[in-house]
Structures are given as structure tokens and as C-alpha cells.
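Take a look at the structure below.
The values are calculated or read from the model by the stated rules, or taken from the named source; none is laboratory data. What you are looking at is a predicted structure, and each value in this text was computed from that prediction instead of being measured. For neighbour counting, all protein chains shown are included, and Cβ atoms are generated from backbone atoms with ideal geometry for every residue, glycine included. These area figures cover heavy atoms from the full protein model, side chains too; ligands, DNA and RNA do not enter into them. Shrake-Rupley method; radii C 1.70, N 1.55, O 1.52, S 1.80 Å.
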Amino acid sequence: MAQFGVIGLGRFGARTSLELLELGHEVIGVDADEKLVEELADQLTHSAICDVTDEKALNELDLSNCDVVLVAIGEDLQASLLCVLHLKTIGVETIWAKATSKSHHQILSKLGVSRIIHPEEEMGIRVAQALNYPMVNEYMSLGHNWFCVEIALGENLEGKTLNDILPDNTDNFHLLLLKKRDEVTVTPGPETTIEGHETLVMAGSLKALKSIAPKLVEES
Ligand code: ATP
């Protein structure tokens with residue numbers, strides 16, 4: 001269990017906080033808006049109404065023990081930057097922050113923010129990828145055009161083996177998991193028979209995955 005600070009409890013900050021709590025972590029939630037803090041106070045581990053541009057007030061929140069503090073303030077550039085500056089002064093080691101523009105990103109980067117998030121842009125990319133590859137449930141970019149993807153197998157493939165549907169050349173992709181509800185087969189072999197209602201998790205080059213994915217879902 002880790003302890004996180006989330007500053008700014010708008011939709012992004014609130015949703016992140018609730019998910020972290022669901023995952024079993026402690027969350028200190030902070031916002032200047034009394035109503036937003038009150039709405040979440042029962043669920044958060046600790047909460048505070050605070051204008052985070054005030055260094056003294058921020059210092060009193062004792063966020064320096066947090067594993068990560070997420071600054072989820074987007075629109076008010078001055079508040080976001082001052083907050084990061086104060087967190088650094090207080091001694092918070094790892095800060096993640098939301099950015100709403102290129103210049104916002106540049107300054108956060110100069111201030112030593114560990115990870116800068118662009119929620120709308122990142123979500124836009126994910127939605128475009130989902131529209132382009134509707135068969136892919138989840139994906140993660142591994143860099144250098146390699147991806148890890150989860151694909152729901154077509155019901156028409158029931159009774160076939162993985163060998164029947166996947167190409168012989170496995171240089172550019174690897175089968176990682178075959179999942180059926182909570183049953184997981186790690187690195188399934190080529191003779192594994194598809195039973196139905198399964199998902200396959202693979203890692204591979206974009207080129208390899210693009211040629212394989214349609215075979216996993218198309219009607220035969
Ligand atoms: P979202 O897109 O997450 O819904 P939003 O549209 O409300 O956010 P943001 O400017 O990103 O707009 O603000 C996020 C939250 O940060 C708001 O709830 C706001 O009250 C809070 N906030 C802004 N400035 C401060 C500040 N100086 N101190 C504390 N909280 C602040």
C-alpha cells in the first residue's frame with residue numbers, strides 16, 4: 001500500500017483518487033473548493049480544503065511522506081506551477097502533474113516533475129486506436145513500435161488450436177497469456193485449444209500484430 005496526495009479534485013483528480021483507493025492505497029485529497037472536498041471526504045483517507053498557492057498552508061498538510069503527489073490542476077497555470085514549486089520546497093520527492101499546453105509541459109519539466117500527463121491528448125490517442133483497431137481491448141506501447149495487446153478471440157475459433165490460426169514465424173510476436181475469466185494460462189503453447197470466451201495477450205511489433213489481429217476475430 002502506498003500513500004498518494006492528489007491536489008485538485010476536479011473530474012480527473014477525483015477519478016484518479018477513487019481508483020487509487022479502490023486499488024488499496026491511501027489518498028490525501030486537496031482542493032480549494034469546499035464543496036468538492038466535502039463530496040469526497042468520506043471516501044478519502046484524509047482530505048483538506050486548501051489554496052495550494054499558499055506555501056504555509058500547503059506545508060501544514062504534511063504531504064512530504066507521500067510516495068507521489070499528483071498535481072491535478074490544469075486550467076490555472078499559475079496555481080499548478082506554484083503548487084509544484086512549493087511541493088519541491090517542502091521536500092516532496094516525486095511529483096506527477098497534469099499539463100494543458102506545451103508551455104505548461106515545458107515549465108513542469110524544468111521544475112523536475114517526474115511525469116507529465118495530458119489527459120485529453122492521451123485519451124484522444126487511445127480512442128483513435130480503439131476506433132482503428134476495434135478488436136483490441138487494451139494495449140500498451142512498449143516503444144520502438146512494439147506493443148502489448150489484449151484481443152478477445154472470436155467465438156468462431158472455438159475448437160481450433162493457436163497453431164491453426166497463428167503464423168509459423170514468431171520472430172516478431174510472443175504469446176503471453178490466454179485468459180478465460182480468472183483462469184490464466186501463461187505463455188500458451190501452439191497446441192492450446194481455444195474453448196471460447198477467451199482473450200489473448202500478445203507482445204509484438206505493430207506490423208506483426210496488424211497481420212495477426214484480424215485472424216483472431218474474423219469469421220471463418
Ligand atoms: P477537471 O478537468 O479535472 O474536471 P477542472 O475542469 O475543474 O478539472 P482544473 O483547472 O483542472 O479544472 O482544476 C482542477 C481542480 O483544481 C478544481 O477542482 C479546482 O478547484 C482545483 N484548484 C484550482 N486551483 C487551486 C488552488 N489554487 N488550490 C487548490 N485547488 C485548486
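This table checks each residue for (1) under 30 Å from V84 (Cα atoms); (2) modelled with pLDDT of 90 or more.
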{"site": "L108", "(1), (2)": "yes, yes"}
{"site": "E150", "(1), (2)": "no, yes"}
{"site": "P167", "(1), (2)": "no, no"}
{"site": "L176", "(1), (2)": "no, yes"}
{"site": "V186", "(1), (2)": "no, yes"}
{"site": "E198", "(1), (2)": "no, yes"}
{"site": "A203", "(1), (2)": "no, yes"}
{"site": "I212", "(1), (2)": "no, no"}
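Have a look at L40, L23 and point out the one that is free of Cβ contacts under 8 Å to residues at least 60 places away in the same chain and under 17 Å from the mean Cα position of the chain (by Cα). First the steps, then the outcome.
Working: L40 fails: under 17 Å from the mean Cα position of the chain (by Cα).
Checking each option against the conditions leaves just L23.
Using the structure shown, decide if E39 is surrounded by 14 or more Cβ atoms within 10 Å (Cβ to Cβ) and at pLDDT 95 or above.
Details: surrounded by 14 or more Cβ atoms within 10 Å (Cβ to Cβ): yes; at pLDDT 95 or above: yes.
It is true that E39 is surrounded by 14 or more Cβ atoms within 10 Å (Cβ to Cβ) and at pLDDT 95 or above.
Could you grab me the full set of residues in segment 56-69 that are touching a strand residue (DSSP E or B) at 6+ places or on another chain (Cβ under 7 Å) and open to solvent by 20 Å² or more (accessible area, probe 1.4 Å)? Let's see the steps before the verdict.
First, pick out the residues of segment 56-69 that are touching a strand residue (DSSP E or B) at 6+ places or on another chain (Cβ under 7 Å): 61, 63, 65-69.
Matches in segment 56-69: L61, N65, D67, V68.
Pull out all pairs, ordered by first then second residue, where Cβ-Cβ is under 7 Å, the residues are six or more apart or on different chains, the first lies in segment 99-111 and is under 20 Å from T89 (Cβ atoms), and the second is not in a helix (DSSP H, G or I).
L108/A97; L108/A99; L108/I116; S109/I116
From the list K56, K88, exactly one residue is away from the ligand (no atom under 12 Å from the Cβ), in the same structural domain as T16 (by TED's automatic domain parsing), touching a Gly at 6+ places or on another chain (Cβ under 9 Å) and over 17 Å from Q3 (Cβ atoms). Which is it?
Details: K56 fails: touching a Gly at 6+ places or on another chain (Cβ under 9 Å).
So the residue among K56, K88 that is away from the ligand (no atom under 12 Å from the Cβ), in the same structural domain as T16 (by TED's automatic domain parsing), touching a Gly at 6+ places or on another chain (Cβ under 9 Å) and over 17 Å from Q3 (Cβ atoms) is K88.
Which condition does T53 not pass, out of (1) open to solvent by less than 90 Å² (accessible area, probe 1.4 Å); (2) modelled with pLDDT under 95, if it passes all the others?
That leaves (2) as the condition not met.
Those residues that are open to solvent by 20 Å² or more (accessible area, probe 1.4 Å) and among the charged types (D, E, K, R), I need them from segment 173-220; list them, please.
Hits for segment 173-220 are K179, K180, R181, D182, E183, E191, E195, K207, K210, K215, E218, E219.
Output the residues belonging to segment 152-172 that are in contact with an Asp or Glu (Cβ under 9 Å, 6 or more places away or on another chain) and either under 30 Å from I73 (Cα atoms) or aliphatic (A, V, I, L, M) (or both).
Filtering segment 152-172 down to residues in contact with an Asp or Glu (Cβ under 9 Å, 6 or more places away or on another chain) leaves 152-154, 156-159, 161-163.
Scanning segment 152-172 gives A152, L153, L157, L162.
Does E34 count as within 13 Å of the ligand (Cβ to nearest atom), without any contact (Cβ under 8 Å) to a residue 24 or more places away in the chain and either buried (at least 19 other Cβ atoms within 10 Å of the Cβ) or among the acidic types (D, E) (or both)? Before the answer, list the steps.
Values: within 13 Å of the ligand (Cβ to nearest atom): yes; without any contact (Cβ under 8 Å) to a residue 24 or more places away in the chain: yes; either buried (at least 19 other Cβ atoms within 10 Å of the Cβ) or among the acidic types (D, E) (or both): yes.
Spelling it out, E34 is indeed within 13 Å of the ligand (Cβ to nearest atom), without any contact (Cβ under 8 Å) to a residue 24 or more places away in the chain and either buried (at least 19 other Cβ atoms within 10 Å of the Cβ) or among the acidic types (D, E) (or both).
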